[in-house]
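Have a look at the structure below, then the notes.
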Amino acid sequence: MKTNIMKSNFKLLAIVAFLGLFSHSCSRDDDAIDPNADKNSERFKDIEIGNAAFKVPQFNPDLHTQFDYMGKSKVVKITYDISPVNVEEPNTGEAKWQVSNHLVPKDYYEGKLNPHIHYHVFFDPVNKNFPKIRPAKGVYSLKITIIEEDNSESYITKQFEIVKKFSEIEIGSNNEVKIGSDALDIKFKYDAGSNTVSEVKYELWFEEWREGQNVAVGKWDNKIVVLPKNLYENQSIPNINTPLEINPDSPLGEYWLNIYVKESGENEAVKLSIPFSIVE
């Protein structure tokens, strides 16, 4: 009788030990799962956040994002989540930027299997092109989540940096230029830190109003001008005061100026985008 009891107790202890080991193993497996890990990250191609190096000037009005998505079925929903990671304490007019479940409008991807997404998130949605609140300098994360028609979900998280490279910026007169003008005044200071500046380039974007151009009337066209190297080459903090020639026949309306500054040792230029208007 005693032997049978001992055998039963031994079996019970063995089962308890096995269950304990199984439970511990599962717990360790659960701990190893990162709930923030990417899912189907290989479906996201050629990502830009600000630029391909994920640098975003604070004096932009918004966050430029661009990528190609290679899905298995048509895309039905895209959302963005933005969070501060390592950010300086905000100064006046700054904030630790946070965006939750921001929905990208459907006309950017609806009905497409492999959409090319080019989308901008405003820093200050109330004031849009001329924000009163901007992100504080530092590192942020952007999580892009995509839902496909078959209810599958893909997401990827990338870190980007808000940088204070540009300062003392003047575009026209309070971002306006009079109709009939043949030049847009442009002034700014650029801080390359321990690097030096190797190239400065202007890019003007406008809605084409002329027949027989690169694009049809009403489509966005552009003009690119590389500034002479003697204005900035081998300088760490150049002051640029160089206007951009514009067509005096340019109509009233909204325009965009991109300023690209490339630093020594860097593959990607930092891109500043600023809107301006031609007015009466």
*the chain - mean residue ellipticity at 222 nm from DSSP helices (-39,500 (n - 2.57) per run, n ≥ 4, rounded to 500)*: -4000 deg cm²/dmol
*Could you tell me the accessible area of residue 133 in Å² (1.4 Å probe, neighbours in place), rounded to the nearest ten?*
70
*Taking only protein heavy atoms into account and a 1.4 Å probe, give the accessible area per residue of the range 97-232 in Å².*
55
*Would you please calculate the Kirkwood hydrodynamic radius of the range 91-135 over all C-alpha pairs and express it in Å, rounded to one decimal?*
12.7
*asked:* Output needed: percent of Cα pairs per 10 Å distance bin for the range 52-112, bins running from 0 to the one holding the longest distance.
replied: 15, 42, 29, 12, 2
*Based on the Cα gyration tensor of the range 187-280, what are the three equivalent ellipsoid semi-axes, each the root of five times an eigenvalue, rounded to whole Å and given largest first?*
29, 13, 11
*Over the chain, what is the mean sequence separation of C-alpha contacts under 8 Å (at least six apart), divided by residue count, expressed as relative contact order in percent?*
18
_If I build a Gaussian network model for the chain, linking alpha-carbon pairs within less than 10 angstrom, which residue out of 207, 168, 48 has the largest mean-square fluctuation?_
168
*Cα principal axis extents for the range 232-280, largest first, Å*: 42, 19, 14
*Hull shadow area, averaged, the chain [alpha-carbon convex hull, nm²]*: 23.1
*Round to a whole number: what % of the accessible area of the range 156-274 belongs to carbon and sulfur, probe 1.4 Å?*
43
*In this model, which of 158/201; 45/106; 143/189; 219/262 are farther than 22 Å apart at the alpha-carbon?*
158/201; 143/189; 219/262
*Anything over 25 Å Cα to Cα? Flag those among 132/223; 132/229; 132/271, in the order listed.*
132/223; 132/229
*How about residue 74: which aspartates and glutamates have a C-alpha closer than 18 Å to its C-alpha, ignoring those fewer than 8 places off in the same chain?*
42, 107, 110, 148, 149, 150, 153
*asked:* Working only with C-alpha atoms, what are the Rg and Dmax values of the range 44-167, expressed in angstrom?
replied: 14.9, 48
*Please give the residues of the range 84-120, grouped as numeric ranges, whose backbone N is less than 16 Å from a label point set 7 Å along the Cα-to-Cβ vector of residue 203.*
117-120
_Residues of the range 232-269 with amide N under 14 Å of the 7 Å Cα→Cβ point at residue 189_ = 236-241
_Using 0.36 nm times the number of residues separating residue 213 and residue 268, minus their current alpha carbon distance, what extension gain do you get?_
16.9 nm
*Determine the equivalent ellipsoid of the range 168-234 by diagonalising the alpha-carbon gyration tensor, then write out the semi-axes as square roots of 5 times the eigenvalues, largest first, rounded to whole Å.*
29, 16, 10
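The values are calculated or read from the model by the stated rules, or taken from the named source; none is laboratory data. Worth saying up front: this structure is predicted, and the values here are computed from it rather than measured. So basically every Cβ, Gly included, is an ideal-geometry build from the backbone, and we count neighbours across all protein chains shown. For accessibility, only protein heavy atoms count, side chains too; no ligands or nucleic acids. Shrake-Rupley method; radii C 1.70, N 1.55, O 1.52, S 1.80 Å.
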